[in-house]
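What follows is one structure encoded as structure tokens, with my remarks underneath.
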Amino acid sequence: GQLDTTCHALVGETVVLPCTTTPPGELSLSRSMLYWQTGTRLVHFFHNGQDSLERQDEKFHGRTSLFLDQMKHGNLSLKISNVQLWDNAEYSCIYKQSENHPRRKSTIKLSVSGK
């Protein structure tokens, strides 16, 4: 797919990778699934109304979070803290409102520079 946006960050900073969906009214998070991934690595996974990080890649352990209070309004952005050079990659934000809804995907490139 095409690249939706590029973000820039320095090593050690916190960066927000933007991803939004435009819900008619509030999203029902209890049935929705949100994957953030880069290549085959799972960066963050949210489903059934909560974070589900058992399969999260260990490089991202403890460094990712979603804006839980804003998700029902369509903000699916991912916050990555303490950015490292190896975070330099293209990330996919994959969202599915429920089983019978189509999947939506956007791609965000993160460009990381050393200090």
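Build a GNM of the chain with springs between Cα atoms under 10 Å apart, and of 70, 56, 97 the one that fluctuates most is 70.
Taking 38, 22, 64 as the candidate residues, the one with maximal mean-square fluctuation in a Gaussian network model of the chain, Cα springs under 10 Å, is 22. Residue ranking by accessible heavy-atom surface, 1.4 Å probe, largest first, among 40, 6 comes out as 40, 6.
Pairs of Lys residues in the chain that lie 8 or more places apart, or on two chains, and have C-alpha atoms under 16 angstrom apart add up to 4.
Legend: translational diffusion of the chain by Stokes-Einstein, Rh = Kirkwood radius over C-alpha pairs, 20 °C, 1.002 mPa s; D = 150 µm²/s.
Only protein atoms count toward the accessible area here, which uses a 1.4 Å probe; on the chain, the carbon and sulfur part of that area reaches 47 percent.
When the helix-only estimate is applied to the chain (DSSP H runs of n ≥ 4, each -39,500 (n - 2.57), divided by the residue count), what is the mean residue ellipticity at 222 nm, nearest 500 deg cm²/dmol? Here the helix-only value at 222 nm equals -500 deg cm²/dmol.
For region 1-113, the solvent-accessible area with a 1.4 angstrom probe is 56 square angstrom per residue.
Identify the residues of region 57-89 with backbone N under 20 Å of a label point that sits 7 angstrom from the Cα of residue 13 along the Cα-to-Cβ direction, or state none. Zone members listed by number: 60, 63-67, 77-89. When 47, 61, 101 are compared by accessible area of protein heavy atoms, the largest-first order is 61, 101, 47, using a 1.4 Å probe.
The values are calculated or read from the model by the stated rules, or taken from the named source; none is laboratory data. As the structure is a computational prediction, the values presented were derived from the model and not from experiment. Positions of Cβ are generated from backbone atoms using ideal geometry, with glycine treated the same way; all protein chains shown enter the neighbour counts. To get the accessible areas, we keep the full protein, side chains included, count just its heavy atoms, and leave off ligands, DNA and RNA. Shrake-Rupley method; radii C 1.70, N 1.55, O 1.52, S 1.80 Å.
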